[in-house]
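Just below is one structure, and these are the notes that go with it.
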Amino acid sequence: MVSPSYAVELLKRALELYTPSRSEASLANLIKDKCVNELGFEQVHIDSVGNVIASKGSGEPRILLCGHMDTVPGQIPVRIDDGYLYGRGASDAKAPLIAMLLAASEFPKQSGTVIFAGVVDEEGNAAGIKQLVKSKLGIDYAIFGEPSGIDNITISYKGRLAIRLTCDVGSSAHASAPWLARNSIEEMYGFWEAIRDEIKRTGTAQSRSNSISCSLTEITGGSSHNVTPQKCKITLDIRIPTGMSCEKVLRIVDSVITKVADEKGVKATYRVEDRTEPFEADHLSPLVRALVLAVLDMRKKRPTLLRKTGTGDMNVLGHTFKIPVVTYGPGDPHASHTVEERVNIDEFVTSIDVFTRALFHMSRIHHQKKIKP
């Protein structure tokens, strides 16, 4: 049995490792070492993109517990204060990751097969989960670790389009004579306004979870402080609710870009850097039932089913494998990506027991289904 002190110390060590997207090797190696030498997994390896995968047991049900090792950039001093553990990734999503790892280590081998996966690049372009999908794991159910809060279960995520748009005005001029050339940064603002307004017009619903959102997240332009910019580039992050598709939203954006470029007489090109379709899990699935029972066991209350405005790895695997999936984990999602990122220590420890009970119920329900006439 894993002790609370062991769990907290392991999470603390994980937080002390700085692992922005595509720099997760240190954490992968730590997890691999723990799996081999302390946690009793039978097979452990790190795959070609850096995912760490560990398994134990045999037969059905085959349950995947999947979390991500990367964080957004920016370090936060790791500390314990007033019952909370602070650090980059404390909420999103090293606490869920370590909780799932420790729960998987407690899974009885005779109850089925548990596969733990710590994947890379979830905060980037999902290279880790895409590689996991390509590996064609034979699994019956999958639980993803993200901060829902221990009294909530996430059943739906929005999709995501990341678009890199370039405006090229064809020439530049000395900054002292700006009338000699158009300014690509100023022209780009017209593209952003038009895209934002059209998304708002066509994609606004009664709730935020059912509306399309559009954020301008990056901008670069210019070559020197005293030269007007010929080129400007921006990144658009667009989140798409269930009931819509990436392709439909991309057609809207494409038509706006084409129209504005023609009106302005400038060259505009774009590339899609990420395309993840929205996804909603079956909230009546046996997996959701098992997790609801686990929360009831540990918290004595029925959890709330959430539809999130973010995007998760559940989207990618859920669309591809067509199996029951769900997302759960300790942490306050509103603290994620902030300078005060933290997780309540008691809730983190309790979540390990919730994951453990969910595995127990899932094995029990799966075998009950098989013996029914």
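The values are calculated or read from the model by the stated rules, or taken from the named source; none is laboratory data. Note that the coordinates shown come from a computational prediction; the quantities given were computed from them, not determined experimentally. Every residue, glycine among them, receives a Cβ derived from its backbone with ideal geometry; neighbour counts consider all protein chains shown.
Do you know which residues across the range 100-141 are among the small types (Gly, Ala, Ser) and either closer than 16 Å to ALA25 by Cβ or buried (at least 24 other Cβ atoms within 10 Å of the Cβ) (or both)? Lay out the reasoning, then the answer.
Taking the range 100-141 and keeping what is among the small types (Gly, Ala, Ser), we get 103-105, 111-112, 117-118, 124, 126-128, 135, 138.
If the condition is that a residue be among the small types (Gly, Ala, Ser) and either closer than 16 Å to ALA25 by Cβ or buried (at least 24 other Cβ atoms within 10 Å of the Cβ) (or both), then ALA103, ALA104, ALA117, GLY118, GLY124, ALA126, ALA127, GLY128 are the ones that fit.
Which residues, taken from the range 173-207, are in contact with a Leu (Cβ under 8 Å, 6 or more places away or on another chain) and either over 12 Å from THR228 (Cα atoms) or without any contact (Cβ under 8 Å) to a residue 24 or more places away in the chain (or both)? Even if it seems obvious, please write down each step before you answer.
So the first thing to find is which residues in the range 173-207 are in contact with a Leu (Cβ under 8 Å, 6 or more places away or on another chain), and the list is 173-174, 188, 191-192, 195-196.
The answer is MET188, PHE191, TRP192, ILE195, ARG196.
With buried (at least 16 other Cβ atoms within 10 Å of the Cβ), of a type in the set (D, E, K, R) and out of contact with any Cys (no Cβ under 7 Å at 6 or more places or on another chain) as the only criterion, which of GLU347, GLU263, GLU340, GLU273 stands out?
On the way: GLU263 fails: buried (at least 16 other Cβ atoms within 10 Å of the Cβ); GLU340 fails: buried (at least 16 other Cβ atoms within 10 Å of the Cβ); GLU273 fails: buried (at least 16 other Cβ atoms within 10 Å of the Cβ).
Answer to the selection: GLU347.
Please work out if THR327 is over 21 Å from ILE98 (Cα atoms) and of a type in the set (Ser, Thr, Tyr). Let's see the steps before the verdict.
On the way: over 21 Å from ILE98 (Cα atoms): no; of a type in the set (Ser, Thr, Tyr): yes.
No.
Does LEU287 satisfy the criteria of being in the same structural domain as GLU122 (by TED's automatic domain parsing) and modelled with pLDDT of 95 or more?
Details: in the same structural domain as GLU122 (by TED's automatic domain parsing): yes; modelled with pLDDT of 95 or more: yes.
Yes.
When you scan the range 138-151, how many residues do you find that are assigned to a strand (DSSP E or B) and either small (Gly, Ala, Ser) or over 14 Å from CYS66 (Cα atoms) (or both)?
If we filter the range 138-151 for residues that are assigned to a strand (DSSP E or B), which is where we start, we get 141-145.
Then keep just the ones that are either small (Gly, Ala, Ser) or over 14 Å from CYS66 (Cα atoms) (or both); that gives 142, 145.
Qualifying residue count, the range 138-151: 2.
Considering the range 262-274 alone, what residues qualify as being assigned to a helix (DSSP H, G or I) and either among the polar types (S, T, N, Q) or touching a residue at least 60 places away in the same chain (Cβ under 8 Å) (or both)? First the steps, then the outcome.
So in the range 262-274, the residues assigned to a helix (DSSP H, G or I) come out as 262-264.
Correct list: LYS264 only.
Residues that are modelled with pLDDT of 95 or more, part of a strand (DSSP E or B), among the hydrophobic types (A, V, I, L, M, F, W, C) and over 22 Å from the mean Cα position of the chain (by Cα): does the range 152-169 have at least one?
Yes, there is a match, as at least one residue in the range 152-169 is modelled with pLDDT of 95 or more, part of a strand (DSSP E or B), among the hydrophobic types (A, V, I, L, M, F, W, C) and over 22 Å from the mean Cα position of the chain (by Cα).
If a residue has to be in contact with a strand residue (DSSP E or B) (Cβ under 9 Å, 6 or more places away or on another chain), polar (S, T, N, Q) and either part of a loop (DSSP other than H, G, I, E, B) or within 17 Å of GLU24 (Cα to Cα) (or both) to count, how many in the range 41-57 make the cut?
Total satisfying the criteria: 1.
From the list PHE321, PHE279, which one is among the aromatic types (Phe, Trp, Tyr), modelled with pLDDT under 95, farther than 18 Å from ALA99 by Cα and surrounded by 15 or more Cβ atoms within 10 Å (Cβ to Cβ)? Break it down stepwise before answering.
Numbers: PHE279 fails: modelled with pLDDT under 95.
The unique qualifying residue is PHE321.
Only residues that are of a type outside the set (A, V, I, L, M) and either modelled with pLDDT under 95 or in a loop (DSSP other than H, G, I, E, B) (or both): list them for the range 231-252, please.
Step one: list which residues in the range 231-252 are of a type outside the set (A, V, I, L, M), which gives 231-233, 235, 237, 239, 241-243, 245-248, 251.
Of everything in the range 231-252, those that are of a type outside the set (A, V, I, L, M) and either modelled with pLDDT under 95 or in a loop (DSSP other than H, G, I, E, B) (or both) turn out to be PRO241, THR242, GLY243, SER245.
With the checklist (1) over 23 Å from LYS56 (Cβ atoms); (2) modelled with pLDDT of 95 or more in hand, flag the one item ARG307 doesn't pass.
It fails just one condition, (2).
Can you pull out every residue in the range 94-137 that is more than 15 Å from the chain's Cα centre (by Cα) and part of a loop (DSSP other than H, G, I, E, B)?
Correct list: GLU106, PHE107, PRO108, GLY112, SER135, LYS136, LEU137.
Hey, can you tell me all the residues within the range 113-169 that are touching a strand residue (DSSP E or B) at 6+ places or on another chain (Cβ under 6 Å) and within 28 Å of ALA268 (Cα to Cα)?
ASN125, LYS158, GLY159, ARG160, LEU161, ALA162, ILE163, ARG164, LEU165, THR166, CYS167, ASP168
Which numbered condition in (1) of a type in the set (Asp, Glu); (2) within 27 Å of PHE360 (Cβ to Cβ); (3) at pLDDT below 95 is the only one that ASP274 fails?
(2)
Exactly one of (1) assigned by TED's automatic domain parsing to the domain that holds ILE323; (2) more than 22 Å from the chain's Cα centre (by Cα); (3) surrounded by fewer than 18 Cβ atoms within 10 Å (Cβ to Cβ) is unmet by ALA294. Its number?
(3)
Any residue at all in the range 31-38 that's without any contact (Cβ under 8 Å) to a residue 60 or more places away in the chain, in the same structural domain as VAL343 (by TED's automatic domain parsing), surrounded by 17 or more Cβ atoms within 10 Å (Cβ to Cβ) and closer than 21 Å to ASP140 by Cα? Spell out the reasoning first.
Let us first name the residues in the range 31-38 that are without any contact (Cβ under 8 Å) to a residue 60 or more places away in the chain, namely 32-33, 36-38.
Checking which are in the same structural domain as VAL343 (by TED's automatic domain parsing) leaves us with 32-33, 36-38.
Of the ones still in play, those that are also surrounded by 17 or more Cβ atoms within 10 Å (Cβ to Cβ) are 32.
Those still in the list that are closer than 21 Å to ASP140 by Cα too: none.
No, every residue in the range 31-38 fails to be without any contact (Cβ under 8 Å) to a residue 60 or more places away in the chain, in the same structural domain as VAL343 (by TED's automatic domain parsing), surrounded by 17 or more Cβ atoms within 10 Å (Cβ to Cβ) and closer than 21 Å to ASP140 by Cα.
Going by what's in this entry, would ARG302 be described as surrounded by fewer than 19 Cβ atoms within 10 Å (Cβ to Cβ), at pLDDT 95 or above, assigned to a loop (DSSP other than H, G, I, E, B) and assigned by TED's automatic domain parsing to the domain that holds PHE360? Walk me through how you get there before you give the answer.
Numbers: surrounded by fewer than 19 Cβ atoms within 10 Å (Cβ to Cβ): yes; at pLDDT 95 or above: yes; assigned to a loop (DSSP other than H, G, I, E, B): yes; assigned by TED's automatic domain parsing to the domain that holds PHE360: yes.
Answer is yes for this residue.
Within the range 208-230, restricting attention to residues that are assigned to a loop (DSSP other than H, G, I, E, B), free of Cβ contacts under 8 Å to residues at least 40 places away in the same chain and not hydroxyl-bearing (Ser, Thr, Tyr), which residue is surrounded by the most Cβ atoms within 10 Å (Cβ to Cβ)? Before you say what the answer is, go through the steps one by one.
Initially, the range 208-230 is screened for residues assigned to a loop (DSSP other than H, G, I, E, B), giving 211-212, 222-226, 228-230.
Add one more test, that the residue is free of Cβ contacts under 8 Å to residues at least 40 places away in the same chain, and what stays is 211-212, 222, 224.
From what is left, the residues that are not hydroxyl-bearing (Ser, Thr, Tyr) are 212, 222.
Values: ILE212: 21, GLY222: 17.
Looking at the filtered set, the residue picked out is ILE212.
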